[in-house]
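Below you'll find the structure, written out as structure tokens, and then a few comments.
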Amino acid sequence: MTDRDRLGACIELLVFLTLHVVAVIGIGLVGISIEAIALAAVSYAVRVWAVAAGFHRYFSHHSFALGRPAQFVIALLATLAMQKRVLWWVSTHRKHHLHADTPADPHSPRHRSFAYSHCGWLFDPANQAIDPKRVRDWTRFPELVWLQRFAWVPVAVYATTLSVLFGATGFVWGFAVSTVILWHSILTTGSFSHRLGGYRNFDLADDSRNNRVIALMLLGEGWHNNHHRAPSSARHATSWREPDPIYWSLLGLRRLGVVTRLRDTMPRLEG
């Protein structure tokens, strides 16, 4: 852990807290409307899709294949979610799978408090560094290295564009409110999906659980116990009872020729 790690953690915590305040105060200033909620919903859905399909299934697990331009586009869209940065995300998530629910897991509620496993771990200086060995497959792409270093640039452009197009409502609802909701929705996979509620299709050594509410919020990312059973599978569902819109979208992109290979190694269960 270095002074740079400590400084980076402090800055990110400040941004995290500030955006929460901006979202709450902003709603009071611009009010609530159908148009504002719709704008937030679209901004949320596009970026959740990009994080789930991009940072998670594509970059972390190689669940499907993309051409280089499409690869950069999905990384760019996911970066707009302010889920830290592409190489950091991959490095940390791969560490999670390697050490799931052991003391070495960055965010296991089995060994840390629930609050720490939900969001506290993000601002722990011990979790700021990237392990180069875990991201060698991606550091050969200079555009991804650039996106890792300058993630704030597309985020600033996105926030500014929403403000220009939709005024204060664009910034408050399209950016701030949707980002705060997005943060906590995705962070549930490290807290709720490894501790509370849900059910397990597979008896694994970790505490991963499937959760229907989280799956709804994250377009199919809530089938977390299934995912830990077959991490490289693009399909997270084991039956029709577990909707997986992310996977459906990847099937659609394969028909269009954008996705060129799709791994499907998830067991299918009856029901």
- Picking from 194, 252, 213, whose Cα lies most toward the positive end of the charge dipole for segment 187-271 (charges on Cβ: Lys, Arg +1; Asp, Glu -1)? 252
- Task: Calculate, for residue 17 and residue 145, the FRET efficiency according to 1/(1 + (r/R0)^6) with r their C-beta to C-beta distance and R0 45 Å; round to the nearest 0.05.
- Result: 0.95
- Item | Å² per residue, accessible surface of segment 124-249 at 1.4 Å | 44
- Task: With a point put 7 Å past each Cα toward its Cβ, work out how far residue 156 is from residue 10 in nm, to one decimal.
- Result: 2.1
- To the nearest 500 deg cm²/dmol, what mean residue ellipticity at 222 nm is calculated for the chain from DSSP H runs of n ≥ 4 alone, each contributing -39,500 (n - 2.57), summed and divided by the residues? -15500 deg cm²/dmol
- Message: Could you tell me which residue out of 127, 89, 107 lies farthest along the dipole of segment 78-138 toward its positive end? Charges go on the beta carbon: Lys and Arg +1, Asp and Glu -1, centred on the Cα centre.
- Response: 89
- Item | Interatomic Cα distance distribution for segment 78-172, bins of 10 angstrom, percent | 15, 36, 28, 17, 3
- Task: Round to the nearest 0.05 the FRET efficiency obtained for residue 239 and residue 205 when R0 = 30 Å and r is the Cβ-Cβ distance.
- Result: 0.80
- Query: From the list [x] 15.5; [y] 21.4; [z] 14.6, can you say which value of mean projected area of the Cα convex hull in nm² was derived from the structure given?
  - Reply: [z]
- Using 13 Å as the cut-off for backbone N distance, which residues of segment 81-110 belong to the label zone defined by a point 7 Å from the Cα of residue 232 along Cα→Cβ? none
- Note on the structure: Rounded to one decimal in nm, the spacing of the 7 Å Cα→Cβ label points at residue 2 and residue 46 is 3.5
- Task: Would you kindly state how much longer the chain becomes between residue 38 and residue 269 on full extension, computed as 0.36 nm times their sequence separation minus their alpha carbon distance, in nm to one decimal?
- Result: 79.6 nm
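The values are calculated or read from the model by the stated rules, or taken from the named source; none is laboratory data. In this text the structure is predicted, and so the values were computed from the model without any measurement. Cβ atoms come from the backbone with ideal geometry, glycine included; neighbour counts cover every protein chain shown. For the accessible areas, the whole protein counts, side chains as well, though only heavy atoms, and no ligand, DNA or RNA atoms are used. Shrake-Rupley method; radii C 1.70, N 1.55, O 1.52, S 1.80 Å.
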